[in-house]
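Inspection log for the structure reproduced underneath, given as structure tokens.
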Amino acid sequence: MHFLYFLSCRQSMASQNRVFLLLLVFTASSIHIILGLPLNQQNEFPFTCSTESKPCNSILYQHNDLTENNISLLYKVDISQVQTIRQGGSQYHLVTVQCSCQNVNGTTAYFYDTIYSVKKHDTFLNVSDQFYSGQAWAVGDEGTNFKADTTATMHLLCGCSETDSQVMVTYTVELHDTLSDIANRLSAEVSEIETVNSALIQKPGTGFIEVGWVLYVPMYKNGAPSLKSKKGKDHKWLIIFGVLLSVIALLLCVSVILMFMKRKRSKEHDRENPKAVSKIMTFNKTASAHTRYLSKENMEEITGFDTERPLIYDFNEIAEATNNFDDSRKIGEGGYGSVYFGILGDKEVAIKKMRSNKSKEFLAELKVLCKIHHINVVVLLGFASGDDHLYLVYEFISNGSLSEHLHDPLLKGHQPLSWTARAQIALDAAKGIEYIHDHTKERYVHRDIKTSNILLDDRLRAKVADFGLAKLVGRTNDDDFIATRLVGTPGYLPPESVKELHVTTKTDVFAFGVVLAELITGKRALTRDNREPNKMKSLITVITKVFEEEEEDREGALVCIRDGSLRDNYPIDDLYKMAEVSYWCLSEDPNNRPEIREVVESLARIVMSSVEWEASLGGSSQVFSGVFDGR
């Protein structure tokens with residue numbers, strides 16, 4: 001089947017080559033059928049792993065004639081994760097995905113899962129070849145489960161490199177490919193490709209590969225090392241020199257941070273905890289460095305950074321970027337302080353100005369965002385101190401918060417969001433939360449998920465922000481901790497946090513259920529009760545009422561509470577499914593709530609269905625623009 005695909009999409013081949021290859025495929029396929037061998041198992045093998053293997057970023061080579069948008073939808077990735085490469089008149093794509101170790105029907109290996117909506121006449125092999133470059137792993141039940149009008153999980157082969165300098169690329173061999181061509185194209189080395197793929201390439205050095213083989217290519221992130229650098233002692237000393245440079249750079253960074261974090265006690269800010277962070281002194285304009293005063297415990301934490309260090313900005317730069325924190329530059333305000341729009345160099349930034357007694361939140365956000373890099377998490381650029389304040393510098397997200405787009409958007413200069421935009425925003429935010437729960441070296445709980453902490457860029461794609469309350473938790477079944485005080489936002493807090501101060505990843509899941517309810521209804525998490533003005537009404541009760549009371553027409557009840565700005569421009573099935581996910585997340589018992597990865601899977605199906613619904617409307621501007629013109 002892999003050969004047949006190449007025959008159909010390579011029009012430049014000579015007719016005699018086509019006949020030859022067709023006969024070759026027929027002969028090979030006949031042998032497989034006679035011997036009872038599964039066809040795909042001869043062309044590919046899974047990259048094995050263990051339960052201790054950690055997820056990684058991997059790349060899938062895409063040679064099908066698809067657009068970036070099509071690939072984004074098929075692979076369930078952001079379009080920014082699809083890189084287009086053009087060489088010699090041909091075009092292919094590299095798709096960056098999150099690769100993880102899974103047990104798929106008894107096979108423990110690295111896979112990336114995506115959801116495919118099965119159409120009439122689809123077969124597993126055809127879909128794998130035509131849309132996923134033949135890289136889907138056959139589980140064995142495709143004949144019964146691959147039915148029209150259903151969704152199927154496509155387990156795409158991927159792998160993780162053992163070295164940080166390389167990323168594993170899943171590559172499907174094409175006509176006229178040679179190992180040296182593949183190595184040159186993907187900045188790899190032939191010998192390493194042969195080693196990794198010894199299950200297929202059983203005679204290293206011959207260069208023999210077959211069309212349709214799925215290979216794992218260890219691609220160097222900064223280009224393959226030169227031949228000279230691999231010879232004898234030169235190579236050894238280059239490695240040693242590189243390691244020494246890295247160590248020196250690391251020590252310099254730690255020394256600088258330690259210098260900024262000198263401890264100083266101050267009675268004025270020690271009321272809450274005598275060992276807590278003391279006052280940050282005014283920035284010394286004549287000095288070349290900042291001065292910070294932190295407790296011993298926090299100073300030890302800050303030196304524990306094990307990833308990229310943020311930039312340390314001069315206070316004068318920050319002040320100039322915000323026009324001395326002019327009120328006209330203020331774009332947000334909260335319990336932590338204020339956020340200002342600024343321009344540093346030629347880059348638009350958002351600068352959070354925090355009071356010095358908020359250094360615990362400052363440190364929490366600094367620690368977490370230094371270790372997190374994800375398309376759906378806001379990027380921290382750096383920090384500064386001065387004038388009795390702490391400053392965090394982020395990328396500027398142009399469209400503000402989700403809250404602004406849901407609650408009286410016209411008054412805030414926004415048009416109401418379309419249904420499909422809401423579904424995509426929900427999926428983006430869930431992916432950001434999933435990343436800090438499941439795909440980082442250490443697991444974090446955000447503890448303050450809400451619509452005002454979900455930011456939207458110029459394409460209405462969502463990023464999770466404000467990690468000031470984030471907390472590290474374990475990865476065991478008892479991955480909870482007891483908070484010393486209640487934190488978070490009323491209306492988003494689960495019962496166990498309010499009553500017992502318990503915090504787990506299910507805390508974030510509960511809060512996200514409220515976010516979904518806001519996307520559906522357009523209402524705030526807490527609103528004043530019209531019948532009892534002195535009391536607040538929770539949006540949680542609005543959603544649970546639809547599912548817990550004996551409603552004969554739940555869809556009708558849901559339509560009554562949906563955001564009026566949607567008018568009739570939404571698919572009722574998908575609206576209902578999102579409400580079900582919200583209700584699931586809002587379960588009182590945390591054990592009955594889903595993991596966030598389950599929420600991501602459900603929302604991915606809703607987004608795909610919503611996109612198909614959009615397409616069926618023939619391009620209504622109100623639907624495809626992502627927003628509506630007025631209410």
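In nm, to one decimal, how far is the modelled label at Asp458 from the one at Ser398, with both set 7 Å along Cα→Cβ?
Result: 0.2 nm between the two label points.
Charges on Cβ only, +1 for Lys and Arg, -1 for Asp and Glu, centred on the Cα centroid of the stretch 44-220; of Asn184, Leu66, Leu215, which one is farthest towards the dipole's positive end?
With unit charges placed on the Cβ atoms, the residue in question is Leu66.
So how far apart, in nm, are the two label points at Glu52 and Ser198 if each is 7 Å from Cα heading toward Cβ?
Label-label distance for Glu52 and Ser198, simple model: 2.1 nm.
Could you state the orientation-averaged shadow area of the convex hull built on the Cα atoms of the stretch 402-624, in nm² to one decimal?
Directional mean of the projected Cα hull area for the stretch 402-624 stands at 13.3 nm².
Determine the alpha carbon to alpha carbon distance for each of Lys450/Lys471; Lys330/Lys537; Lys330/Lys352; Lys450/Lys523; Lys471/Lys506; Lys371/Lys463 and list only those over 20 Å.
Lys330/Lys537, as the Cα separations exceed 20 Å there.
Give me, ordered by chain and number, the residues 5 or more places off Thr504 or on other chains with an amide H under 5 Å from its own placed amide H.
Answer set, sorted by chain and number: none.
Take the alpha carbon atoms of the stretch 583-608, find their center, do the same for the stretch 80-115, and report the distance between the two centers in whole angstrom.
25
Pull out the extension gain between His373 and Leu501, defined as 0.36 nm times the separation in residues minus the alpha carbon to alpha carbon distance; nm, one decimal.
In short, 43.1 nm is gained.
Since every read-out is calculated from the coordinates, none of them should be taken as a lab result. Computed from a predicted structure; not experimentally measured. Glycine gets a Cβ as well: all are built from the backbone with ideal geometry, and neighbour counts include every protein chain shown.
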